[in-house]
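> Before I ask anything, here is the structure I am working with.
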Amino acid sequence: LREWIEWHKGLGVEKFFIYDNGHGNDENPRDVIGDDPQVVIMDWRDRDGNTQCEAYDECYREHGSEFAWMGFIDIDEFVQSEKPLPDVLSTLQADVVAFSWRMMTDNGLVHYDDRPVQERFTQPAEDLKPESQFVKSFVRGGIDGLSFDRDPHMPHHPALEVVNPDGGKAPQCSVGTGSREVAWIDHHFTKTAEEFVEKVKRGFPLMEPYNTTYRKHAVEYFFAINERTEEKEKILAEGLGKPQA
């Protein structure tokens, strides 16, 4: 979390609203980042339903008018841009800017270590074109009636102008054009097999049908992104059980 905040501060982000959807015994984000006036921690623990979209909706509804732009990303997603984000966004005549995912592999690592995420995982899974084309959104502030509904990737509104960071037109949907000419998001979805086991056990902040499906196919999803080895298979099997049909 500290790495994620400092990285995005370096890209020009001025304020962070962290929706903590952990469980009662999980680490408190404030204990990790300390007393940082740029960071607001929202207690979003132990909620039912589509909690990610509900958090995005509340954040935009309560604070969207306070900022020129708001980005809706998770702490396993690191924006990559050669220019500060305000410089990129200020040139675009649009309501939403769709940043494409670049899925990152485990770099052949198996166990957790305490190096920074972006130091540990540098190898993208470039052959995963459909997964890499999913987007997350930066939204212009002050748009009445905007909602993330049930999709955390793209907000819903009757009329939104959506572009890529390079200014090219993009669809108003979860899957974009795959543009990475100016900026994109590195998505560290699995990390190592050891860390992925803990992630799956914690559950996902989405609707229950998605959670059920994902748990059922978690091992196959892991190896769709990462190289298969006997050591990783053993860790996943011991932690999650055998893949289910």
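> In the chain, what % of DSSP beta bridges are antiparallel (nearest 5)?
65 percent
> Sorting HIS187, HIS157 by accessible area (1.4 Å probe), largest first, what list results?
HIS157, HIS187
> Give the ranking of ASP31, ASP113 by solvent-accessible surface, highest area first, calculated with a 1.4 Å probe.
My answer, sorted largest first, is ASP31, ASP113.
> Further question: Grab the beta carbon distance between ARG45 and THR91, set R0 = 30 Å, and tell me the FRET efficiency rounded to 0.05.
0.20
> Each label point is 7 Å from the Cα along the Cα-to-Cβ direction; what then is the distance between the points at ALA237 and ASP149, in nm?
Going from the ALA237 label point to the ASP149 one covers 4.3 nm.
> Hey, can you find the accessible area per residue of the chain for me, probe 1.4 Å, expressed in square angstrom? Before the final figure, lay out each step's value.
Values: 12650 Å² over 245 residues.
That works out to 52 Å² for each residue.
> Please report the carbon-and-sulfur percent of the accessible area for the range 1-118; probe 1.4 Å, protein heavy atoms only, DNA, RNA and ligands left out.
Here it works out to 46 percent.
> For q = 0.13, 0.15, 0.17 Å⁻¹, what log10 I(q)/I(0) does the chain give under the Debye formula with an equal point scatterer on each alpha carbon and no solvent?
Relative scattering, expressed as log10 I(q)/I(0), comes to -0.85, -1.16, -1.50.
> Within the chain, what's the longest stretch lacking GluC sites (Glu not before Pro) that sit in DSSP loops with no more than 11 other Cβ atoms inside 10 Å?
Maximal segment without exposed cleavage sites: 182-245.
> Report the extension gain between LYS15 and ALA68 in nm, rounded to one decimal, defined as 0.36 nm multiplied by the number of residues separating them, less their alpha carbon distance.
Once the chain is fully extended between LYS15 and ALA68, it gains 17.9 nm.
> Across the chain, how many lysine pairs, 8 or more apart or on two chains, come within less than 13 Å at their alpha-carbon atoms? Don't skip to the end; give the middle numbers.
Working: LYS9/LYS83; LYS191/LYS199; LYS191/LYS232; LYS201/LYS216; LYS216/LYS242; LYS232/LYS242; LYS234/LYS242.
Step by step, the pairs that qualify in the chain add up to 7.
> Give the accessible area for LYS83 in Å² (nearest 10); use a 1.4 Å probe, count only protein heavy atoms, and leave out ligands, DNA and RNA.
Its heavy atoms expose roughly 120 Å² to the probe.
> How large is ³J(HN,Hα) for each residue in the range 101-115, as worked out from phi by the Karplus curve 6.51 cos²θ - 1.76 cosθ + 1.60 (θ = phi - 60°), to whole Hz, x for Gly and Pro?
For the range 101-115, the Karplus curve yields 6, 10, 5, 9, 7, 7, 6, x, 7, 10, 10, 5, 9, 8, 5 Hz.
> If you don't mind, there's one more thing I want to ask. Need one value: the accessible area of SER179 in square angstrom, 1.4 angstrom probe, rounded to the nearest 10.
The accessible area comes out at roughly 20 Å².
The values are calculated or read from the model by the stated rules, or taken from the named source; none is laboratory data. Every value quoted in this text rests on a predicted model; they were computed, and no experiment measured them. Don't worry about glycine lacking a Cβ; one is built from the backbone with ideal geometry, like all the others, and counts go over all protein chains shown. For the accessible areas, the whole protein counts, side chains as well, though only heavy atoms, and no ligand, DNA or RNA atoms are used. Shrake-Rupley method; radii C 1.70, N 1.55, O 1.52, S 1.80 Å.
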